[in-house]
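Okay, structure first, notes after.
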Amino acid sequence: MPHPAGLPAERAETAIATHERAWGTREVLLEAQRCLYCHNAPCSRGCPAGVDVAEFIRSLRTGAWKAAARLVLSANALAETCGCVCPTEMLCVGECVLPRIDGQAPIAIHRLQRFIANWARTRATDLFPRQPDTGMRVALVGGGPASVACAHELARRGHAAVIFESGELLGGLNTAAIAPHKMHAELPLAEAEWLLRTGVEVRARTAVGEAITFAQLEEEYDAIFIGVGQGPDRRLGLAGEDARPLLGAIEFLRGVKTGRLATPLPWKRALCVGGGNSAIDAARTLKELGVPEVVLVYRRAEDQMKGYPGEWQAAKLAGVHAHFLTLPVAVLASEGTVTGLRCIRMTPGEPDESGRPRPVPVPGSEHDIAGDLVIMAVGQVGAGDLLPGLPDDIRMGGARIAVSPETGATSRAGYYAGGDCANGGAEVVNAAAEGLRAARAIDDYLRTRAR
Ligand code: SF4
């Protein structure tokens, strides 16, 4: 029986509880009372979307909930999911002054934001009335968070917005690859559906470059926004990498969240290669789904991990182990079935281009680590391959679409981009902010052209 949101009801992620429950009114109001409503509040500067945190908490506290919701959602349309998934200790909450003033806990800004955004989605009906039709049409390529935020804002401003999504579901990685302990897939789908009720058309299973070309889009639309995210999981190019089971981190999480992986998982000892947030998320999810042993294999030292320290500490508490300063050099297999990784020990060397000590192989230190599943969490390939037929004069910056940081405009007039395909991979809140930024710039572009 399909889930109402288009998800199978029997999905592996439903076996994992989200770690933060939504707060009720009383908890929210008590927390809002602790806020100092700081002038020029540092918490707002810590938010990539620039939410006016002090003002929205003041509005919340004084019962002006519609005003609070408008403040939050006009800066970040995806405020509800960001309240669940943002690494807030690195952003707004990490900037709160309370711990520095008198040692209090920082304000749980994300929980207040999640509360008011949920209230708006489920209770407020007239927050964002649509302006009169402008007669202008905008195509949005990809249905991820940047496109959803952009389309919502364009529709509010009276433009006809049409999202072309190659897959079945909206929300991109916000739906398909957030670790289940942070958020289940229903929420971003419900959020996107609500936001797009402003009058956005969605054409699912319609890949631009295949079902419709960029040339056709240019004929039918007045502007084009590209928000396709990044490509598939990278591989390391190791000997034996075609053995099975070997999955990319995003591929694994997508399977957990959209139903292609069934529980109980069959593996006894999983090896996750990488030291970023995707590696940590995949490892913790495997552990929480009952895989007895889960081991992270990372070529640098523990204090050089790219993943957030709080997430790694939580993964360790969940039972994930690690081999640091260990580089896989081959996937071991028997008759095509994974049996482990051949690795070499590393030692920290001189700083590399990232400023971290370059890991240097220790001669003669080859050793094998047994495992019956390998997860490659070493990043994603760039967006280029996702855009067949993209006009040649759209400049790329490496694997990203090069855009103006102020407007999201590309090098071809009428084309804009945002989210992971333009920023190379960042948080959901960055994608939401970039979608909004582009919508405002597209609105200016269309109105200038119409004069
Ligand atoms: S810094 Fe902390 S106390 Fe000050 S406005 Fe922001 S949340 Fe409130």
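Hey, rough spin-label estimate for Ala215 and Ala124, points 7 angstrom out along Cα→Cβ, what's it come to in nanometres?
That separation, rounded to one decimal, is 4.6 nm.
Once the Cβ-Cβ distance between Ala413 and His19 is put in as r, and R0 is 56 Å, what FRET efficiency do you end up with, to the nearest 0.05? Spell out each step's value before the answer.
On the way: r = 46 Å, r/R0 = 0.82.
Calculated transfer efficiency: 0.75.
Could you pull out every one of the aspartates and glutamates with an alpha carbon less than 13 Å from that of Lys182, ignoring same-chain neighbours closer than 8 positions?
Glu13, Glu20, Glu80, Asp281, Glu288, Glu311
For a quick protection proxy, order the peptides 50-57, 378-385, 197-204 by their average other-Cβ count within 10 Å, most packed first.
Numbers: 50-57: 22.0, 378-385: 18.6, 197-204: 17.0.
Ranked by mean Cβ neighbours within 10 Å, highest first: 50-57, 378-385, 197-204.
With a 1.4 Å probe and all protein chains left in place, how much accessible area per residue does the chain have, in Å²? Could the numbers behind the result be given before it?
Numbers: 19490 Å² over 451 residues.
So the chain comes to 43 Å² accessible per residue, rounded to a whole number.
For Asp444 and Ala204, FRET efficiency with R0 = 41 Å and r from the beta-carbon atoms, rounded to 0.05?
Values: r = 30 Å, r/R0 = 0.72.
Once rounded, the FRET efficiency stands at 0.90.
Please list 3J(HN,Hα) in residue order for region 197-211, calculated via the Karplus relation 6.51 cos²θ - 1.76 cosθ + 1.60 where θ = phi - 60°; whole Hz, with x for glycine and proline.
5, 4, x, 9, 8, 10, 10, 7, 6, 10, 7, 6, x, 10, 6
Looking at Val329, Leu436, Ala177, which one has the Cα that reaches farthest to the positive end of the dipole of the chain (charges on Cβ: Lys, Arg +1; Asp, Glu -1)?
Selected residue: Leu436.
Quick one: putting +1 on the C-beta of Lys and Arg, -1 on the C-beta of Asp and Glu, what dipole do you get for region 246-376 around its Cα centre, in Debye to the nearest 20? Mind dumping the intermediate values first?
Numbers: 15 positive and 14 negative charges, 47 e Å.
Computed charge dipole of region 246-376: roughly 220 debye.
Where nothing but the Cβ of Lys and Arg (+1) and of Asp and Glu (-1) is charged, how large is the charge dipole of region 12-122 around its Cα centre, in debye to the nearest 20?
Numbers: 12 positive and 10 negative charges, 68 e Å.
Roughly 320 debye, rounded to the nearest 20.
Return the percentage of antiparallel bridges among DSSP beta bridges fully within the chain, rounded to the nearest 5 %.
Values: 21 of 55 bridges.
Approximately 40 percent, going by the DSSP bridge assignments.
Arrange the peptides 415-426, 213-224 so that the one whose residues have, on average, the most other Cβ atoms within 10 Å appears first.
Numbers: 415-426: 25.3, 213-224: 16.9.
Ranking, from highest mean packing down: 415-426, 213-224.
Lys/Arg Cβ at +1, Asp/Glu Cβ at -1, dipole of the chain taken about the Cα centre: which of Gly142, Ala64, Leu238 is farthest positive-ward?
Ala64
At a threshold of 8 angstrom on Cα-Cα distance, excluding pairs fewer than six apart, so keeping six or more, what relative contact order does the chain reach in percent? Present the calculation step by step, with values, prior to reporting the outcome.
Numbers: 969 pairs, mean separation 76.7, N = 451.
Relative contact order for the chain comes out at 17 percent.
Over region 211-328, what is the relative contact order in whole percent, taking alpha-carbon pairs under 8 Å and six or more residues apart?
On the way: 139 pairs, mean separation 24.1, N = 118.
It comes to 20 percent, rounded to a whole number.
Whenever you get a sec, compute what percent of the accessible area on the chain sits on carbon and sulfur atoms (1.4 Å probe). Intermediate values should be presented prior to the final figure.
Numbers: 9890 of 19490 Å².
Carbon plus sulfur share of accessible area: 51 percent.
Taking the Cα centre of the chain as the origin and placing charges on Cβ (Lys, Arg +1; Asp, Glu -1), which of Ala79, Leu217, Ile401 is farthest toward the positive end of the dipole?
Going by the Cα projections, it comes out as Ala79.
Can you compute 3J(HN,Hα) from phi for each residue in region 174-185, using the Karplus curve 6.51 cos²θ - 1.76 cosθ + 1.60 with θ = phi - 60°, rounded to whole Hz and x for Gly and Pro?
Values per residue, Gly and Pro as x: 4, 8, 9, 9, 7, 4, x, 5, 8, 6, 8, 5 Hz.
Take the chain, compute every pairwise Cα distance, and split them into 10 Å bins from 0; I just need the percent in each bin.
Going out from 0 Å in 10 Å bins, the chain shows 4, 20, 28, 26, 16, 5, 1, 0 percent.
For a protection proxy built on the mean count of beta-carbon atoms within 10 angstrom, sort 147-160, 13-26 highest first, please.
For the peptides 147-160, 13-26, the packing ranking is 147-160, 13-26.
Counting only C-alpha contacts under 8 Å and six or more residues apart, can you give the relative contact order of region 12-122 as a whole percent? Intermediate results must be reported in sequence, preceding the final value.
Values: 136 pairs, mean separation 34.1, N = 111.
Answer for region 12-122 is 31 percent.
Using θ = phi - 60° and the Karplus relation 6.51 cos²θ - 1.76 cosθ + 1.60, list the HN-Hα couplings for region 68-76 in order, rounded to whole Hz, with x at every Gly or Pro.
Couplings: 4, 5, 5, 4, 5, 6, 6, 8, 9 Hz.
Quick check for me: using +1 on Lys/Arg Cβ and -1 on Asp/Glu Cβ, what's the dipole size of the chain about its Cα centre, in debye to the nearest 20? Mind dumping the intermediate values first?
Numbers: 48 positive and 51 negative charges, 201 e Å.
For the chain, the charge dipole is close to 960 debye.
Sketch the reach of a paramagnetic label on Glu366 as a point 7 Å from Cα along Cα-to-Cβ, and name the residues of region 317-337 whose backbone nitrogen lies under 18 Å away.
326-334
Three principal axis extents, largest first, for the C-alpha atoms of region 246-376, in Å?
Extents along the principal axes, in whole Å: 45, 37, 23.
Report the full-extension gain for the segment Asp303 to Arg235: residue separation times 0.36 nm, less the Cα-Cα distance, to one decimal in nm.
Working: separation 68, 0.36 × 68 = 24.48 nm, distance 2.40 nm.
Length difference between fully extended and current span is 22.1 nm.
When all protein chains stay in place, what accessible area (Å², nearest 10, 1.4 Å probe) is found for Leu60?
Result for Leu60: roughly 0 Å² accessible.
The values are calculated or read from the model by the stated rules, or taken from the named source; none is laboratory data. Only a predicted model underlies this, so the values are computations on that prediction, with no experimental measurement involved. Positions of Cβ are backbone-derived with ideal geometry, glycine not excepted, and every protein chain shown enters the neighbour counts. Protein only, heavy atoms only, side chains kept; ligands, DNA and RNA dropped before computing areas. Shrake-Rupley method; radii C 1.70, N 1.55, O 1.52, S 1.80 Å.
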